[in-house]
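Following: one structure in structure tokens, then a few remarks.
The values are calculated or read from the model by the stated rules, or taken from the named source; none is laboratory data. Treat the numbers as computed from the prediction; the structure is a model and nothing was measured. A quick note on method: Cβ atoms are made from the backbone with ideal geometry, for glycine too, and the neighbour counts reach across all protein chains shown.
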Amino acid sequence: MGNAIALLNDLTVGTILLNCGSYNELEQELITVLKNKKIPYASCLRELNLKNHRLLFLNHKIYDNENDNSSVIYTKIDDKTFLFMGDASVDVEEDLMAKYNLQEVDVLKVGHHGSKTSSGKNFINHIRPKYAIISVGKNNRYRHPNDSVLNHLEDSKIYRTDLDGSIMFTFKSNQLEVNTCAP
């Protein structure tokens, strides 16, 4: 989110999607820029259809924690499932398990950079991700990812942006192929 406004100056943007809940100062500033540039935005979506794929937004509850209001997105491409957790915490994970029939997922974008507030053992054991992607800066001041989260993910193939750089999934003969580009 921190570089969203800068990206608007470098990229052509069609529409911005925002999570549910109230907007913080940075998000309000972004909305002002969007209005000035006449770029549409939407918030608190339930689903989004993109050509042959449907993104389901699972988190609609309003929490008193900004991270917990993150968009949580589920999609299926061919027969592979993807779950993107944003910065959602264990509280959201528990709510999602109670509300949805989440099964095993192929690819999990780990919540909150692998913080100890997310990726609870109960949740990870429930969805049993084959691949776990942790978006995290090298030598970050929060020391993410947390060792307990890495332990919860021990049965998953873990990719981390601080160690692996860019991570790209492609489909070849209905199989996922993972490519990385060193940082």
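Structure notes:
- In the stretch 35-48, the condition of being outside any strand (DSSP E or B), crowded, with 19+ Cβ neighbours inside 10 Å and in contact with a helix residue (DSSP H, G or I) (Cβ under 9 Å, 6 or more places away or on another chain) is met by no residue.
- In the stretch 141-182, residue farthest from Phe123 (Cα to Cα) [restricted to those that are hydrophobic (A, V, I, L, M, F, W, C) and in contact (Cβ under 8 Å) with a residue 60 or more places away in the chain]: Phe171
- The stretch 49-73: number of residues that are within 11 Å of Leu17 (Cβ to Cβ) and modelled with pLDDT under 95: 0
- For the stretch 47-95, a residue qualifies if it is closer than 23 Å to Lys116 by Cα and among the basic types (Lys, Arg), and exactly one does: Lys61.
- Restricting the stretch 125-174 to residues that are part of a loop (DSSP other than H, G, I, E, B) and of a type in the set (Lys, Arg), the residue that is surrounded by the fewest Cβ atoms within 10 Å (Cβ to Cβ): Arg141
- Looking across Leu56, Leu17, one residue alone is out of contact with any His (no Cβ under 9 Å at 6 or more places or on another chain), assigned by TED's automatic domain parsing to the domain that holds Met85 and outside any helix (DSSP H, G or I). It is Leu56.
- Taking (1) surrounded by fewer than 19 Cβ atoms within 10 Å (Cβ to Cβ); (2) not in a loop (DSSP other than H, G, I, E, B) in turn, Val92 satisfies each apart from (1).
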